[in-house]
1. Normalised by the empirical 2.2 N^0.38 Å for globular proteins, what value does the Cα Rg of the range 181-282 take?
2. Which of 155, 95, 20 moves most in a GNM of the chain, Cα contacts under 10 Å?
3. If you average 1/r over every pair of different alpha-carbon atoms in the chain and take one over that average, what Kirkwood value in Å do you get?
4. Hey, in the GNM for the chain with a 10 angstrom Cα cutoff, which one of 81, 247, 222 fluctuates hardest?
5. Among 180, 94, 216, which one moves the most in a GNM of the chain with springs linking Cα atoms closer than 10 Å?
6. How high is the relative contact order of the range 181-282, in percent, counting Cα pairs under 8 Å that sit 6 or more residues apart?
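Nothing in this text is a laboratory measurement; each read-out follows from the coordinates by a stated rule. In this text the structure is predicted, and so the values were computed from the model without any measurement.
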Ligand SMILES: Cc1cc2nc3c(=O)[nH]c(=O)nc-3n(C[C@H](O)[C@H](O)[C@H](O)COP(=O)(O)OP(=O)(O)OC[C@H]3O[C@@H](n4cnc5c(N)ncnc54)[C@H](O)[C@@H]3O)c2cc1C
């Protein structure tokens, strides 16, 4: 360990009001939920915040609930809770699949969806599922609440539309009775405990033999997780054929911009992304 706990102040918020008042003070508190990202930074001696505020047990942040129109997932809901929520299993299977991919069982018991989002990693596994489902984020501070489309949350590499005094409060998933075909693949160095080299989630609705609605989202191929709007627009209304799929593969370069890094290369990521897209679309032939 290259950091000493004695150099840090760590407290647990009594409740939401307490958490928001500390975050809005000038004292420099930063939230921690499961700690599965933050404690890695701590352990490496690169955690710059000295005042850590646990929001993990605030009830409003842990609950999963639903209305007729949407499912609300509190930001501190763990991956284990997500996989155990019947409504998410039935209606948002991609999110549950991503939750099941994340780290080990220990990570899934501790790590949270909000932490995954706010950590801002382009390689995180749940964001592409949230993008496919047109998720909205609810942010809260002592100034009030605001809602934004998750697609507008990431502004650049590790740059997010989240102020220092704001907490990610909840993730809202619009419910739909449309029959979507789902697809999800994570490609890493091994099946478990691997950070993605490429992560892909897709959903599609057919209208007869034509594509009516298609949503495609990738992780690890750009500075932040993204929807492939160009390919989606290109495929919309088309009848799936082998030549259409080949053209979609080529068009993908208009949406993604993979790089070389310690986990993979740009050319591998580009090739695998095309293959995953084709694998998904070939199921429609
Ligand atoms: C061994 C290991 C394996 C892993 N495998 C995977 C994997 O396969 N896929 C994957 O995607 N991730 C993986 N991770 C990363 C991590 O587990 C996830 O990103 C997890 O979701 C982080 O959630 P957390 O609650 O632990 O976040 P924390 O570590 O508590 O916080 C992460 C960041 O989010 C901020 N934050 C937390 N809650 C809030 C909030 N409510 N509002 C505002 N900011 C907040 C914190 O300030 C911090 O900046 C792995 C990590 C480890 C250690």
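1. 1.06
2. 155
3. After inverting the mean inverse Cα-Cα distance, the result is 19.7 Å.
4. Taking springs between Cα atoms under 10 Å, the residue moving most is 247.
5. 180
6. Result for the range 181-282 is 22 percent.
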